Amino acid sequence: MKKSFIFGAALMLMGALSFQSCSQEDNAGSPVTDPVTADINAGADLVTLLEKYSVDGVLVLPAGANITIDKTVELATPVYIVGDKDKPALITAKAGFMTNSTLSFENVDVDATSLEEPFIQLAVQNGTDPINLDLIAFKNSTISGLKYQFIYANKQPYLVDCINIQKSVIGIDGSKKKTTFDFNGGGNVSFLGIDESTIYSVPTVANNGGFFSSQSGKEVTDLGGTTQTFAISNSTLYNIANGKTVNTLRKNSQAYQKFAVKNSVIVNCGKSGQFLKGLNAGQAGKDTNWEVEGNCFNWGGEVIAEQKIGSADDNIKNSIDKVVEFADAEKGNFTQQQTSAGDPRWIANAQ
């Protein structure tokens, strides 16, 4: 597929760049500061770094880089921002990103406590023709204090092929009650995947923001897509869409829609006992394709034994009959010992 080729090529390039940056010969005398680090130390902004140092859209940041975004980063071509795996780059976001193309983050920690706009906005377009965007990815990364949308495409006719959240943490300040992935009134997404990741909202506020919205927008098939999949695997979700419908969809219960929730811990998300149905916009559509197994669903300190998703014969039982006790959810620490499901980073001597 097109997006797989682009992403694969980018990964190969990132590997080559990383090798080059580590292969300099040792020199006697004072240590040499590489140009990227020198510019960061001199206060260069992310736009300048992208212009000077990205190669085919790939910007490799030095270990422990510390960058502040003071104004919205406007992008019109694919961009891959890659930090160091052992010492991720810290991005203090006082403004976010606006793009109409692929945008990928890997090995970065984003401080969004001062961000008063969405983290990623899809750029305003003239006209109503569908716009295809291959990939938005967030891998091995964290964002904390996010008050507004993680992705926002309000009234814009984008079809995003793939949103991929992998081995990452999205920490939300739920006080603004914003939807995390918000395509309201315009576009949609073909695949939204959460894998080995955590998405949480604190403080615990009832009716905080939803998970996903394409309400009042266009159906996937109207934008040139053929399928729609929401996949949550080996992940921990806490207090997302607390007390409300998880997703608001342009259309629900469609044969082309698939909901896969596997080996995950879902606590205080959606309406009590209705997280799964909430993924389907609160409806128990019989045509929808469900794959649900190995999960632990809790709400209000109690186990949710089963959830209705279709006819009376379609109830899905909770695979793990345990109440999960997190170390300190209000501070973003979801370490637990009750189950081996959920984001692997939090599993400690699970029974």
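I need the full set of residues from region 85-105 which are within 21 Å of G171 (Cβ to Cβ), without any contact (Cβ under 8 Å) to a residue 60 or more places away in the chain and of a type outside the set (V, I, T), in order please.
First, pick out the residues of region 85-105 that are within 21 Å of G171 (Cβ to Cβ): 85, 87-97, 103-105.
Among the residues that remain, those that are also without any contact (Cβ under 8 Å) to a residue 60 or more places away in the chain are: 85, 87-97, 103, 105.
Listed by number, the residues that qualify are K85, K87, P88, A89, L90, A93, K94, A95, G96, F97, L103, F105.
Which one is nearest to L159 (Cα to Cα), of the residues in region 53-109 that are in a strand (DSSP E or B) and of a type in the set (D, E, K, R)?
Taking region 53-109 first, the residues in a strand (DSSP E or B) are 55, 58-60, 66-69, 73-75, 79-82, 89-93, 97-99, 103-106, 108-109.
Then keep just the ones that are of a type in the set (D, E, K, R); that gives 74, 106, 109.
Numbers: E74: 19, E106: 23, D109: 27 Å.
Here the answer is E74.
Which members of region 186-215 meet the condition of being under 19 Å from A241 (Cα atoms) and assigned to a loop (DSSP other than H, G, I, E, B)?
Scanning region 186-215 gives S197, P203, T204, V205, A206, N207, N208, G209, G210, F211, S214, Q215.
For region 193-230, how many residues meet the condition of being of a type outside the set (D, E, K, R), surrounded by fewer than 22 Cβ atoms within 10 Å (Cβ to Cβ) and within 21 Å of N268 (Cβ to Cβ)?
6
Has region 46-57 got at least one residue that is among the hydrophobic types (A, V, I, L, M, F, W, C) and under 18 Å from the mean Cα position of the chain (by Cα)? First the steps, then the outcome.
Applying the first criterion (among the hydrophobic types (A, V, I, L, M, F, W, C)) to region 46-57 yields 46-47, 49-50, 55.
Filter again for under 18 Å from the mean Cα position of the chain (by Cα), leaving none.
Scanning region 46-57, I find no residue that is among the hydrophobic types (A, V, I, L, M, F, W, C) and under 18 Å from the mean Cα position of the chain (by Cα), so the answer is no.
In the list V265, V246, which residue meets the criterion of being of a type in the set (V, I, T) and within 23 Å of K331 (Cβ to Cβ)?
Values: V246 fails: within 23 Å of K331 (Cβ to Cβ).
Selected residue: V265, the only one of V265, V246 that is of a type in the set (V, I, T) and within 23 Å of K331 (Cβ to Cβ).
From the list K167, K155, K147, K177, pick out the single residue that is of a type in the set (D, E, K, R), closer than 22 Å to S272 by Cβ and surrounded by fewer than 22 Cβ atoms within 10 Å (Cβ to Cβ).
Details: K167 fails: closer than 22 Å to S272 by Cβ; K155 fails: closer than 22 Å to S272 by Cβ; K147 fails: closer than 22 Å to S272 by Cβ.
Exactly one residue qualifies, and that residue is K177.
Looking at K262, K271, which one is in the same structural domain as Q166 (by TED's automatic domain parsing), surrounded by 14 or more Cβ atoms within 10 Å (Cβ to Cβ), of a type in the set (D, E, K, R) and within 21 Å of the chain's Cα centre (by Cα)? Walk me through how you get there before you give the answer.
Numbers: K271 fails: within 21 Å of the chain's Cα centre (by Cα).
Residue meeting the stated conditions: K262.
If you take just the strands (runs of 3 or more DSSP E) that sit entirely in region 225-282, which of them hold at least 1 residues that are not hydrophobic (A, V, I, L, M, F, W, C)? Show your work before the answer.
Working: elements: 228-233, 236-238, 257-262, 265-267.
So the answer is 228-233, 236-238, 257-262.
Scan region 218-236 residue by residue and report those that are without any contact (Cβ under 8 Å) to a residue 40 or more places away in the chain and not polar (S, T, N, Q).
E219, I232
Those residues that are more than 14 Å from N315 (Cα to Cα) and surrounded by fewer than 21 Cβ atoms within 10 Å (Cβ to Cβ), I need them from region 282-301; list them, please.
Passing the criteria: G282, D287, G294, W299, G300, G301.
So that you can scan it fast, the table gives a plain yes or no per residue for (1) assigned to a strand (DSSP E or B); (2) within 16 Å of T198 (Cβ to Cβ):
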| position | (1), (2) |
| --- | --- |
| L115 | no, no |
| Q121 | yes, no |
| Q125 | no, no |
| D129 | no, no |
| N132 | yes, no |
| F138 | yes, yes |
| S144 | yes, yes |
| Q156 | no, no |
| V160 | yes, no |
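Anything in region 81-109 that is out of contact with any Phe, Trp or Tyr (no Cβ under 6 Å at 6 or more places or on another chain), within 23 Å of L122 (Cβ to Cβ) and among the small types (G, A, S)? List them, or say none.
A93, A95, S101
Tell me the residue from N184, N188 that is buried (at least 24 other Cβ atoms within 10 Å of the Cβ), under 15 Å from L249 (Cβ atoms) and not aromatic (F, W, Y), please. Give the steps one after another, and end with the answer.
Working: N184 fails: buried (at least 24 other Cβ atoms within 10 Å of the Cβ).
Going through N184, N188 in turn, the sole match is N188.
Return yes or no: is Q149 in a loop (DSSP other than H, G, I, E, B), under 18 Å from T179 (Cα atoms) and over 17 Å from the mean Cα position of the chain (by Cα)?
On the way: in a loop (DSSP other than H, G, I, E, B): yes; under 18 Å from T179 (Cα atoms): yes; over 17 Å from the mean Cα position of the chain (by Cα): no.
Answer is no for this residue.
Looking only at region 190-222, how many residues end up being under 13 Å from the mean Cα position of the chain (by Cα) and either under 17 Å from I120 (Cβ atoms) or of a type in the set (F, W, Y) (or both)?
Matching residues across region 190-222 total 9.
The values are calculated or read from the model by the stated rules, or taken from the named source; none is laboratory data. Being a predicted model, the structure only gives us computed values, none of them experimental. Glycine also receives a Cβ, built like all others from the backbone with ideal geometry; neighbour counts cover every protein chain displayed.
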